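Every number in this text was worked out from the coordinates using simple rules, so none of it is lab data. If you're wondering where the values come from, they're calculated on a predicted model, not measured in any experiment. Counting neighbours? That spans all protein chains shown, and the Cβs are built from the backbone with ideal geometry, glycine included.
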Amino acid sequence: KAKGAITETAVAFAPEMDAEITYRHMLEMALRDAIAGGAIDVFYQPLVDVSGKRVLGVEALARWTDATLGPISPDIFIPLAEETGLIQSIGEHVLDRAIRDAKAWSGISVAVNVSASQIHHGDVVEVVRQALEASQFPAERLEIEITESVLLADEKRANEQMRGLQALGVKVALDDFGTGYSSLQYLRRFGFDKLKIDRSFLDGAGEPPESSVILASIIRLGQDLDLTIVAEGVETREQQRWLQAAGCDQLQGYLFSRPLPVAQMTEFIASRQIASAVAS
Ligand code: C2E
Ligand code: MG
Ligand code: MG
Ligand code: MG
């Protein structure tokens with residue numbers, strides 16, 4: 001039955017594949033225009049302490065709204081940018097904007113995502129060094145987020161680039177932890193500063209069995225390796241309480257704030273600073 005289903009699907013999809021290629025091509029052209037026209041925007045999502053009261057950092061997230069197509073998710077345009085080489089210019093743009101915007105948020109770090117292809121086909125260390133210099137931004141307040149896929153492609157180069165970033169004073173975070181392959185091995189082998197646990201692990205947080213057990217052991221391992229541990233995708237108070245008790249250092253998720261445009265993030269940070277000053 002399964003075999004027949006596959007054949008049927010393949011036949012049925014054949015004409016649609018042309019349409020899909022045309023759509024992709026159109027999307028690529030639109031993305032090129034957006035980059036050239038400076039239409040790639042940067043939003044910021046806060047990383048807060050476990051009490052949820054203090055903003056410790058922000059993550060920069062690329063946003064694209066096309067005039068005719070409407071908003072396009074990063075889950076669509078980032079992979080497209082990676083496949084077409086456009087990720088290099090998007091990456092530089094996001095980095096520049098992020099450190100310029102974050103300059104006003106004193107004491108708060110800014111995290112920028114870097115794709116595997118940027119590490120393997122570009123010189124991320126040099127790009128970061130120049131961006132920091134041009135903006136006179138303190139390296140200690142910049143974090144670079146990479147995923148396990150970076151380590152898979154070319155371990156030697158990944159290691160060199162990571163060390164290069166850390167030599168500048170920049171922190172390196174392992175993003176979406178737990179979604180890749182031999183995660184635990186990588187954690188020991190590479191000297192990350194920070195561990196961001198993928199939000200898929202949170203489904204079970206606060207509800208007893210299996211996933212809480214796995215989550216708890218990931219947190220414990222992170223602590224043993226002296227990493228700053230972040231939980232991504234925190235959406236409920238129950239999750240927050242559980243993560244706080246389990247020993248997480250930082251939390252990120254819709255419970256605290258969705259990603260916001262720069263002006264709104266400035267307000268968000270200001271309001272939290274006032275709130276914590278009053279509270280203390
Ligand atoms: P990521 O780096 O893991 O970023 C976190 C994603 O989770 C963001 O999705 C954020 O909006 C979403 N998120 C945050 N809190 C919650 C929550 O409580 N619940 C749920 N359901 N989602 C939450 P976004 O902005 O759509 O970005 C998706 C991915 O695209 C990012 O995942 C990152 O891998 C990539 N990306 C975004 N901007 C850039 C960029 O400038 N450069 C590169 N290379 N990749 C980027
Ligand atoms: Mg990230
Ligand atoms: Mg992530
Ligand atoms: Mg992700």
Could you order the peptides 83-91, 64-72 from most to least packed, using the average number of other C-beta atoms within 10 Å per residue?
83-91, 64-72
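What percent antiparallel are the DSSP beta bridges of the chain, to the nearest 5? Write down the numbers at each step before the final one.
Details: 15 of 36 bridges.
Close to 40 percent.
As a test of the formula, what do you get for the chain when each DSSP H run with n ≥ 4 contributes -39,500 (n - 2.57) and the sum is divided by the residue count, at 222 nm and rounded to the nearest 500 deg cm²/dmol? Working shown, then result.
Values: 11 runs with 151 residues, N = 280.
Only helices count here, giving -17500 deg cm²/dmol.
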Return the single residue from Pro74, Pro46, Pro259 with maximal mean-square fluctuation; model: Gaussian network over the chain, springs between Cα atoms under 10 Å.
Pro74
For Glu145, what residues show an amide H to amide H distance below 5 Å, using hydrogens built from the backbone and excluding near sequence neighbours?
Val112, Asn113, Val114, Ala173
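Note down the relative contact order for the chain as a percent, whole number, built from C-alpha pairs under 8 angstrom at least six residues apart.
Values: 411 pairs, mean separation 51.4, N = 280.
The value is 18 percent.
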Put +1 on the Cβ of each Lys and Arg and -1 on the Cβ of each Asp and Glu in the chain; which of Ala245, Val125, Ala36 then has its Cα farthest toward the positive end of the dipole?
Ala245
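Stokes-Einstein D for segment 2-155 at 20 °C, 1.002 mPa s, Kirkwood Rh over Cα pairs, in µm²/s?
On the way: Rh = 17.6 Å.
It comes out at roughly 122 µm²/s.
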Which residues' amide hydrogens lie under 5 Å from the amide hydrogen of Leu56, considering only partners 5 or more residues apart or on another chain, with H built in the peptide plane?
Leu47, Val48, Asp49
So what's the convex hull volume per residue for the Cα atoms of the chain, in Å³?
164
Within segment 154-171, the residues whose backbone N lies under 14 Å from a label point placed 7 Å from the Cα of Arg189 along the Cα-to-Cβ direction are 154-160
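With a cut-off of at most 14 other beta carbons within 10 Å, and DSSP calling the residue loop, which chymotrypsin sites (Phe, Trp or Tyr not before Pro) in segment 85-190 qualify? Please list them. If you can, show how the numbers build up before the last one.
Details: sites: Trp105, Phe177, Tyr181, Tyr186, Phe190; in loops: Trp105, Tyr181, Phe190.
Those that pass, being in a loop and sparsely packed, are Tyr181.
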Starting from the Cα of Ser51, step 7 Å along the direction of its Cβ; do the same at Asp18; then give the gap between the two resulting points in nm.
6.4
How many nm separate the modelled label positions at Gln244 and Ala67, each set 7 Å beyond the Cα in the direction of the Cβ?
4.9
Report ³J(HN,Hα) in whole Hz for each residue of segment 256-270, in order, from the Karplus equation J = 6.51 cos²θ - 1.76 cosθ + 1.60 where θ = phi - 60°; Gly and Pro get x.
9, 5, 6, x, 10, x, 3, 5, 5, 5, 4, 5, 4, 5, 4
Which value does Rg/Rh take for segment 64-164 over its C-alpha atoms, Rh per Kirkwood?
0.99
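Quick check: residue separation of Leu255 and Asp123 times 0.36 nm, minus the Cα distance between them. What number comes out in nm? Can you show the working numbers first?
Details: separation 132, 0.36 × 132 = 47.52 nm, distance 3.62 nm.
That pair, Leu255 and Asp123, stretches by 43.9 nm at full extension.
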Given the Cα-Cα distance of Gln223 and Thr266 and 0.36 nm per residue of separation, how much length would full extension add, in nm?
12.3 nm
